[in-house]
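> Shown below is the structure under consideration.
Read the figures in this text as sums done on the coordinates, not as results from a lab. This structure is a prediction, so every number in the text was calculated from the model and none was measured. Here Cβ is always computed from backbone atoms with ideal geometry, including for glycine, and neighbour counts include all displayed protein chains.
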Amino acid sequence: MSDKPPYIGRFAPSPTGPLHFGSLYTALASYLQARSNQGLWRLRIDDLDIPRNKHGAADSILKTLDAFGLHWDDAVVYQSQTRDIYQDILDQLAKDQLIYPCTCSRKDVAAVYSGVCRDKQTQPEAPYSWRIKTDQRKVSFTDDLQGLVCQNLAGQGDFILKRRDQIIAYQFAVVVDDDLQQVNHIVRGYDLLEATPRQIYLQQVLGLATPSYMHVPLIIDGHGYKLSKQTLATAVDAKHAQAIIFELLTLLRQNPPKALQQVTLTEQLSWAVANWNPAGLTGCREIRREDG
Ligand code: GLU
Ligand code: ZN
């Protein structure tokens, strides 16, 4: 008997708009990777960035995933419900002098933060953020698709864990929440690859395990733009679920047989789980959707 821990994956959309083709692509990859490893697939709504949240978006995302047959395990977790835990960890980090208040505004900060506030002894009165001290360490990991990634943390500077507007920063929240949900395999879009070393650094500082990472390519439209809520990518329409799943499987380089266009959604997904092989995406950063 092996005592390998069970695979626990997740999908963690931000409720900044309805699910579009690009996010469904990532969701499907993450789902197939979990299911083909007999894993759990959990769902978390990353709703901490209140100014960016759109009313009704979380419900609409859940409905869409359901309509596409991407059923998740366990109760949906909302990051906004974890707020006390973040503050407890911040209090401890402050006590240990691993984080410090920074009054610099975004305007004051060059591409890489210089650390000017690091050695100020007094608690500032102006609104401030909390930054974590970083060092010269090299963080490296092997991405399941993108291979070996190495980053010198000094190139990132001391980064923000809690923003001036009191909002917990994404880098910090994602690490805490993936750990709380016992996630050990992360499948997400290529755009988050460069944030991963900072997240691994946080895991090291907090004494948390590092999950495995697989960054799947981003879907770009016919003009070469990434499909995102910013480019107003339109919501996927569950009325065309089978056609969309077929197209997504093609773009995931699964070579679905033509006959898979004619079968039910459930049959499509069981074929996809049984035949899932992400190797065709190795080293791939973006994929063009021809009619997108
Ligand atoms: N909530 C993040 C987003 O929608 C993704 C978080 C993650 O996968 O790490 O971009
Ligand atoms: Zn500062």
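> So if we plug the beta-carbon distance of Asp135 and Gln182 into 1/(1 + (r/R0)^6) with R0 = 25 Å, what FRET efficiency do we get, rounded to 0.05? Walk me through the numbers before you get to the answer.
Values: r = 28 Å, r/R0 = 1.14.
Using R0 = 25 Å, I get an efficiency of 0.30.
> On a 0 to 90 degree scale, rounded to 10, what angle separates helix 170-180 from the longest Cα axis of the chain?
That works out to roughly 70 degrees.
> Still on this structure, please answer the following. Sorted by average packing, counted as other Cβ atoms within 10 angstrom per residue and highest first, what order do 58-67, 193-202, 90-99 take?
Values: 58-67: 17.5, 193-202: 19.6, 90-99: 13.9.
Answer by packing, highest mean first, reads 193-202, 58-67, 90-99.
> While we're on this one: May I ask for the net charge around Leu193, where only other residues with Cβ less than 15 Å from the Cβ of Leu193 are counted and Lys, Arg are +1 while Asp, Glu are -1?
-1
> While we're here: What aspartates and glutamates sit close enough to Lys54 to cross-link, taking a C-alpha to C-alpha distance under 20 Å and skipping anything fewer than 8 places away on the same chain?
Output for Lys54: Asp46, Asp66, Asp165, Asp237.
> Can you tell me, using C-alpha contacts under 8 Å and at least 6 residues apart, the relative contact order of segment 125-236 as a whole percent?
Working: 144 pairs, mean separation 27.8, N = 112.
The value is 25 percent.
> Summing -39500 (n - 2.57) over the DSSP H runs of n ≥ 4 in the chain and dividing by its residue number, what mean residue ellipticity at 222 nm do you reach, to the nearest 500 deg cm²/dmol? Walk me through the numbers before you get to the answer.
On the way: 7 runs with 84 residues, N = 292.
About -9000 deg cm²/dmol.
> Right, here's the next one. Can you give me the three principal axis dimensions of segment 1-113 from its C-alpha atoms, in Å, biggest first?
47, 43, 28
> Taking segment 150-207, how much of its Cα-Cα pair set, in percent, is spaced more than 19 angstrom apart?
When every Cα pair of segment 150-207 is considered, 30 percent fall beyond 19 Å.
> Whole-Hz Karplus ³J(HN,Hα) for segment 240-256, in order, using 6.51 cos²θ - 1.76 cosθ + 1.60 and θ = phi - 60°, x for Gly and Pro?
Calculated HN-Hα couplings, in order: 10, 3, 5, 5, 5, 4, 4, 5, 4, 5, 5, 6, 7, 6, 9, 6, x Hz.
> Between Gln166 and Ser60, what is the FRET efficiency for a Förster distance of 22 Å, r being their Cβ-Cβ separation, to the nearest 0.05?
Details: r = 27 Å, r/R0 = 1.22.
It comes out at approximately 0.25.
> To the nearest 10 degrees, how steep is helix 265-275 against the longest Cα principal axis of the chain, on a 0 to 90 scale?
70
> Quick one: which residues, 5+ away or cross-chain, put their amide H under 5 Å from the amide H of Tyr213? H built at 1.01 Å from N.
Asp144, Ile186
> Suppose a student asked you for the relative contact order of the chain, using Cα pairs under 8 Å spaced at least 6 residues apart; what percent would you report?
Value for the chain: 22 percent.
> In addition: What does the extension gain come out to for Asn277 and Ala154, with contour length at 0.36 nm per residue minus their alpha carbon separation?
Values: separation 123, 0.36 × 123 = 44.28 nm, distance 3.62 nm.
Taking 0.36 nm per residue and subtracting the Cα distance, the gain is 40.7 nm.
> Here is a further query. With the alpha-carbon atoms as the only input, what is the per residue convex hull volume for segment 64-167 in Å³? Before the final figure, lay out the partial values.
On the way: hull volume 19.7 nm³, N = 104.
Dividing the Cα hull volume of segment 64-167 by its residues yields 189 Å³.
> Just the Cα atoms of segment 171-279, one point each, no solvent: what log10 I(q)/I(0) does Debye give at q = 0.11, 0.22 Å⁻¹?
-0.51, -1.16
> Considering only DSSP beta bridges with both partners in the chain, what is the antiparallel share in %, to the nearest 5?
Details: 16 of 30 bridges.
So the antiparallel bridges amount to about 55 percent of the total.
> If you don't mind, there's one more thing I want to ask. No solvent, one uniform scatterer per C-alpha: report log10 I(q)/I(0) for the chain via the Debye equation at q = 0.08, 0.15 1/Å, two decimals.
Debye output, listed in q order: -0.37, -1.23.
> Still on this structure, please answer the following. What number do you get for segment 115-163 when its Cα radius of gyration is normalised by 2.2 N^0.38 Å, N = residues?
Details: Rg = 15.0 Å, N = 49, 2.2 N^0.38 = 9.7 Å.
So segment 115-163 has a normalised radius of gyration of 1.55.
> Let me ask something additional. Peptides 271-280, 30-39: what's the order by average Cβ count within 10 Å, highest mean first? Intermediate values should be presented prior to the final figure.
Working: 271-280: 15.0, 30-39: 20.2.
Highest mean packing first, the order is 30-39, 271-280.
> When the label point is put 7 Å from the Cα of Val116 along its Cα-to-beta-carbon vector, which residues of segment 154-170 have a backbone N closer than 15 Å?
From segment 154-170, the list is 158.
> What is the packing order of peptides 256-268, 177-189, taking the mean over residues of other C-beta atoms within 10 Å and listing the highest first?
So the peptides 256-268, 177-189, ranked by packing, come out 177-189, 256-268.
> For Lys258, go through the lysines and keep the ones whose alpha-carbon is under 22 Å away, minus same-chain ones fewer than eight residues off.
Straight-line reach from Lys258, under 22 Å: Lys239.
> Once label points are set 7 Å from the Cα along Cα→Cβ at both Glu286 and Arg106, what is their separation, rounded to one decimal in nm?
2.2
> Please give, to one decimal in nm, the separation of the simple spin-label points placed at Ala195 and Ser80, each 7 Å out from Cα toward the Cβ.
Placing both labels 7 Å beyond Cα along the Cβ direction yields 1.9 nm.
> Report P(r) for segment 1-61: all Cα-Cα distances, bin width 5 Å, range 0 to the bin holding the largest distance, values in whole percent.
Each 5 Å bin holds this share of Cα pairs: 4, 18, 22, 20, 15, 10, 6, 3, 2, 0.
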